[in-house]
Amino acid sequence: MVRDAFRGYLALANGLTEVTAGRARAAAKALAEQGEATAGQVSALAEDLLTTSKRNRESLVLLVRHEVEQAVKRLGLAPSGDVEELTRRVRELERTVRELKAAGRAASTATPRKKAATPGKSDQNSASS
């Protein structure tokens, strides 16, 4: 019986499954009911199970993320962070182009164009004097 309860504890501690607080307490309580653990030990055991489970999940997430990133690199695809950064830069450049075009239009309508002097007109004025 104690061996079964301890096996359950080890399975929870080493497993990659999510350990809920209830399952951790149940496993610790099973040890306490066998007379192998005190109330303080049961609480510590339950906390240890929860901490270990959380750490295992985090490690699994990191492992899967790393493997996915490696597969993406092998396929020649850009990571999503790079795509997001490039998208942000393109939008910024598009905004700058729009602003420059608007400023150019405003400048061209604000300053009237000078008419080119007609050749010979100024010559005629200077000849008649």
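The values are calculated or read from the model by the stated rules, or taken from the named source; none is laboratory data. Remember, it's a predicted structure, so these values are computed and weren't measured experimentally. Positions of Cβ are backbone-derived with ideal geometry, glycine not excepted, and every protein chain shown enters the neighbour counts.
Taken over segment 69-83, residues that are of a type in the set (Lys, Arg) and assigned to a loop (DSSP other than H, G, I, E, B) amount to 0.
Residues in segment 60-72 include at least one that is more than 30 Å from residue 27 (Cα to Cα), more than 16 Å from the chain's Cα centre (by Cα), charged (D, E, K, R) and in the same structural domain as residue 27 (by TED's automatic domain parsing). The number of residues in segment 30-72 that are among the hydrophobic types (A, V, I, L, M, F, W, C) and in contact (Cβ under 8 Å) with a residue 12 or more places away in the chain comes to 8.
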